[in-house]
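The block underneath contains the structure these notes are about, expressed in structure tokens.
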Amino acid sequence: MINVTKSYLPDIEKYKAYIDEIYSSSWLTNNGPMVQKLELRLKEYLGVKNIILVSNGTIALDVAYKVLELKGEIITTPFSFVATTSSAVLAGLKPIFADIDENSLNINPQNIEKMINQNTSAILPVHVFANACEVEEIEKIAKKYNLKVIYDAAHAFDVEYKSESILKYGDISTLSFHATKLFHTIEGGAIITNDDELAQKIRYFINFGIKSATEIPYIGTNAKMNEFEAAMGLCILDDIKEIKNKRKVIIELYKKELDGIVKFQEQNINATQNYSYMPVIFKSKEELLSVQKALNTQDIYPRRYFYPSLDTLEYLKSSQICEISQNISQKILCLPVFVGLKEEMVLKICRTIREFSR
Ligand SMILES: *Cc1c(COP(=O)(O)O)cnc(C)c1O
């Protein structure tokens with residue numbers, strides 16, 4: 001069976017050596033040596049000022065909403081993984097959708113400004129499939145209206161915009177290190193901010209608001225990453241260049257084989273790519289469904305990322321309609337990409353797509 005992705009596993013002996021260290025220290029969680037080491041290495045590798053590791057990418061968003069004290073409405077994209085919207089709703093925020101650009105698949109800054117009113121507290125864009133948003137335009141709008149910006153950068157590990165980390169944009173950027181993501185810690189995530197004071201607040205917040213053994217000056221939650229997860233991250237970080245190179249070869253082969261057959265996401269020309277996803281857009285929903293069926297019969301399971309468009313979520317009882325997002329979400333499929341995916345398999349997938357998309 002070929003799925004849209006297959007979690008990368010590092011050399012087991014290397015992982016075991018870290019596990020041995022954890023066993024000899026008995027330090028399993030609570031900002032242990034593995035977490036500290038991974039934070040330091042990621043900070044350097046990504047070139048960011050503050051990075052705080054947490055237990056997953058969804059709680060990273062939750063923490064961001066809380067420490068920035070958001071309320072009322074937030075303007076976000078209807079074309080994302082459901083966690084972007086559901087986390088905001090659970091935090092008591094009302095998501096207002098600004099439709100996407102049909103080529104970049106990211107929130108269209110021109111649609112953001114129309115949605116701003118006196119209840120708006122923040123903008124929550126997503127670098128969809130690691131394609132950098134129009135960060136400078138979004139920054140301008142946020143400044144003009146005095147709004148906070150949180151980037152759900154779950155996909156955007158190791159992406160640069162104008163030669164600097166994309167994670168430097170916004171008040172906070174969040175990453176997901178879930179097992180299906182490019183870089184993972186089994187479950188995990190991170191919060192990135194340029195603001196040192198905010199970083200300190202986040203560190204207290206993810207550990208129940210505890211400052212010291214006798215001081216609990218803040219309210220907080222439990223969002224800590226554990227040592228076994230951080231050890232996995234340390235192993236995978238050693239291999240990340242190789243992982244990216246192997247995925248690049250696969251993605252370039254798909255693009256060559258499918259050129260003119262399907263539409264690709266248009267990449268931000270000022271940003272680098274991380275080869276985390278291979279989305280393809282078909283001419284119609286019918287074409288997508290026939291390709292999907294033909295692949296499924298060969299035991300190949302691409303995923304309909306992202307479907308449905310989030311403006312159609314029933315529990316929101318939203319009256320908003322985002323036509324572009326709804327249209328794209330009907331026609332987009334993410335093809336299998338993972339280290340170890342064979343060239344013949346990519347060619348077989350492309351042959352099937354060509355056959356069913358005329
Ligand atoms: C994966 C993902 C999340 C959630 O991250 P978890 O680590 O799975 O909690 C949030 N937003 C987007 C866009 C994602 O792809």
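The values are calculated or read from the model by the stated rules, or taken from the named source; none is laboratory data. What you see is a predicted model, and the numbers here were worked out from it, not measured in a lab. Every residue, glycine as well, gets a Cβ built from its backbone with ideal geometry; the counts of neighbours run over all protein chains shown. Remember, those area values only see protein heavy atoms, side chains included, never the ligands or the DNA or RNA. Shrake-Rupley method; radii C 1.70, N 1.55, O 1.52, S 1.80 Å.
Kindly provide the helix-only [θ] at 222 nm of the chain, computed as the sum of -39,500 (n - 2.57) over DSSP H runs of four or more divided by all residues, to the nearest 500 deg cm²/dmol?
-12500 deg cm²/dmol
For the range 1-159, the carbon plus sulfur part of the accessible surface works out to 52%, probe radius 1.4 Å. Over all pairs of different C-alpha atoms, the range 69-199 has a mean inverse distance whose reciprocal, the Kirkwood radius, equals 14.8 Å. About its Cα centre, the dipole of the chain is roughly 480 debye, where the only charges are +1 on Lys and Arg Cβ and -1 on Asp and Glu Cβ. For the listed residue pairs LYS66/LYS168; LYS140/LYS181; LYS181/LYS342, the alpha carbons are over 22 angstrom apart in LYS140/LYS181. Using the Cβ-Cβ distance between GLN200 and LYS255 with R0 set to 41 Å, the FRET efficiency from 1/(1 + (r/R0)^6) comes to roughly 0.40. Average accessible surface for the range 1-152: 46 Å² per residue, computed with a 1.4 Å probe over protein heavy atoms with every protein chain in place. In the elastic network of the chain, a GNM with C-alpha springs shorter than 10 Å, the most mobile of GLN273, GLN110, GLN298 is GLN298. The mean sequence distance of close C-alpha pairs (under 8 Å, at least 6 residues apart), as a share of the length of the chain, puts its relative contact order at 23 percent. Look at where the Cα atoms of the range 257-315 and of the range 1-40 average out, and the two centres are 32 Å apart. If you take the square roots of the eigenvalues of the alpha-carbon gyration tensor of the chain and sort them as a ≥ b ≥ c, do you get rounded (a/c under 1.5), prolate (a/b over b/c) or oblate? Oblate, because a/c is 1.5 or more while a/b does not exceed b/c.
So how exposed is ILE206, as accessible area in Å² (1.4 Å probe, rounded to 10)? Counting only protein heavy atoms, ILE206 exposes about 20 Å² to solvent. Membrane-span-like helices of the chain, defined as complete DSSP H segments with a Cα extent of 30 Å or more along the helix axis and a mean Kyte hydropathy of at least -1.0, are identified as 227-258.
In the elastic network of the chain, a GNM with C-alpha springs shorter than 10 Å, the most mobile of SER329, SER86, SER212 is SER212.
Surface calculation, 1.4 Å probe, protein heavy atoms: LYS246 sits at approximately 90 Å² accessible.
Charge tally around PRO10: other residues with Cβ under 12 Å, Lys/Arg +1 each, Asp/Glu -1 each, net -3. Suppose R0 equals 41 Å. What FRET efficiency, 1/(1 + (r/R0)^6) with r the Cβ-Cβ distance, do ASN117 and SER24 give to the nearest 0.05? The pair ASN117/SER24 has a calculated efficiency of 0.10. Label separation (ASN296 vs LYS49): 4.9 nm, computed from points 7 Å beyond Cα along the C-beta direction. Each peptide in 72-80, 101-109 was scored by the mean count of other Cβ atoms within 10 Å over its residues; highest first, the order is 72-80, 101-109.
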